[in-house]
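What follows is a single structure, written as structure tokens, with notes after it.
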Amino acid sequence: MTSIPSDSDTTSTQTLGAIDFSADIDVQVTGLSAQDRAAIAALPAGTALLIVQHGPVTGARFLLDAQQTTVGRHPRADIFLDDVTVSRKHAIFSAVDGGYAVRDSGSLNGTYVNRERVEQAALRAGDEVQIGKFRMTYHPGPAAAAQ
């Protein structure tokens, strides 16, 4: 025989607010090798590093240090991603307020930030940028991360 709990036997559930770890640099670099963490820590102010976490060149690093950095399958792109899922002129990373933003250049497959398709988005430390099959994490230099 199964008993049904009475109203006095029920327990209440408490909802807790979300914890914001965005300012915690250790959370932002979780899952990275010691070499990647050292490379991020050594970045000059106003620069950033993209680290490929998934795709044909997993582990590759791309330095963002110019006002604009083009990404695409075109051999003259600043960041050349050789895969048919990437448009020839796929996206542009632009320096903005001490950090970077990404803007889609009308690509066929789109540009994603944290798995949401975007036309343009300002990037924060730890954001995942997906261009075609390539999923990269964004890591600003220490001075920019503090802003």
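Please name all residue pairs, on different chains or six or more residues apart, with Cβ atoms under 9 Å, provided the first residue is in the range 117-145 and is at positive phi and the second residue is at pLDDT 95 or above and surrounded by fewer than 19 Cβ atoms within 10 Å (Cβ to Cβ). If the second residue must be at pLDDT 95 or above and surrounded by fewer than 19 Cβ atoms within 10 Å (Cβ to Cβ), the pairs left are Gly132/Asp83; Gly132/Val84; Gly132/Thr85; Gly132/Asn109.
In the set (1) over 28 Å from Gln35 (Cβ atoms); (2) among the small types (Gly, Ala, Ser); (3) touching a strand residue (DSSP E or B) at 6+ places or on another chain (Cβ under 7 Å), the condition left unmet by Gly106 is number (3).
Hey, among the residues in the range 50-70 that are β-branched (Val, Ile, Thr) and closer than 11 Å to Phe134 by Cα, which one's most open to solvent (accessible area, probe 1.4 Å)? Looking at residues that are β-branched (Val, Ile, Thr) and closer than 11 Å to Phe134 by Cα, I get Thr58. Look at (1) within 22 Å of Thr47 (Cβ to Cβ); (2) touching a residue at least 12 places away in the same chain (Cβ under 8 Å) and you find that Ser87 fails only one, number (1). Where strands (runs of 3 or more DSSP E) fall wholly inside the range 77-147, no range has 3 or more residues that are open to solvent by 50 Å² or more (accessible area, probe 1.4 Å).
The values are calculated or read from the model by the stated rules, or taken from the named source; none is laboratory data. Since this is a predicted model, take the numbers as computed values, not measurements. For neighbour counting, all protein chains shown are included, and Cβ atoms are generated from backbone atoms with ideal geometry for every residue, glycine included. Surface areas here come from the heavy atoms of the whole protein model, side chains and all, with no ligands, DNA or RNA. Shrake-Rupley method; radii C 1.70, N 1.55, O 1.52, S 1.80 Å.
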